[in-house]
Amino acid sequence: GDRRVDHADLIGCDFSREGVAMLRVETAVIADQPDRALTLAARIRRSPQVTPSSRQRSRLDVAWSYVQTGRYGDATGVLLDLRDRAPAWLRQQSYACQIVAELVNHRRRAASDDIAELMDAVGYAA
């Protein structure tokens, strides 16, 4: 049935060029198309309308796509950058914890200091 649109539902809706581009990246991630997500993410141009948390959330989509394409070092780099820029935000993101769990699973044999730091940053306990 029809659902009444509450103004609260529109908070955070962003139809700027960057906001739409980030939505395309997210759609590619949901569709299990990590290569496409990375291609689309590389084309994103910053706009002032986008909030830092939205941009950070999009970076998690990039990190996830890197993991899905076997680019674990690139995924680690994105997460370390987010940890440096927004440590409190990162710690609250269950998505970040999922990504770190994937990194841990794929790099168990060669767990690096970076991975150990990320496990701590997101509160992931192996």
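The values are calculated or read from the model by the stated rules, or taken from the named source; none is laboratory data. All values derive from a computational prediction rather than experimental measurement. Note that each Cβ is placed from the backbone with ideal geometry, even for glycine, and that neighbours are counted across all protein chains shown.
Results for (1) assigned to a loop (DSSP other than H, G, I, E, B); (2) touching a strand residue (DSSP E or B) at 6+ places or on another chain (Cβ under 7 Å); (3) modelled with pLDDT of 95 or more, shown as yes or no for each residue.
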site: Asp2; (1), (2), (3): yes, no, no
site: Asp9; (1), (2), (3): no, no, no
site: Phe15; (1), (2), (3): yes, no, no
site: Val20; (1), (2), (3): no, no, no
site: Leu23; (1), (2), (3): no, no, no
site: Ala28; (1), (2), (3): no, no, yes
site: Asp32; (1), (2), (3): yes, no, yes
site: Asp35; (1), (2), (3): no, no, yes
site: Ala41; (1), (2), (3): no, no, yes
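When the residues of the stretch 72-119 are filtered to those that are of a type in the set (D, E, K, R) and loosely packed, with under 13 Cβ neighbours inside 10 Å, which remaining residue is farthest from Leu60 (Cα to Cα)? Lay out the reasoning, then the answer.
As a first pass, look at the stretch 72-119 and keep what is of a type in the set (D, E, K, R): 74, 81, 83-85, 91, 102, 107-109, 113-114, 117.
Next, from what is left, pick out any that are loosely packed, with under 13 Cβ neighbours inside 10 Å: 84, 108-109, 113.
Working: Asp84: 14, Arg108: 21, Arg109: 24, Asp113: 20 Å.
So the residue we want is Arg109.
Do any helices (runs of 4 or more DSSP H) lying entirely in the stretch 45-121 carry at least 3 residues that are within 16 Å of Val25 (Cα to Cα), and which ones are they?
The helices (runs of 4 or more DSSP H) meeting that bar are 52-68.
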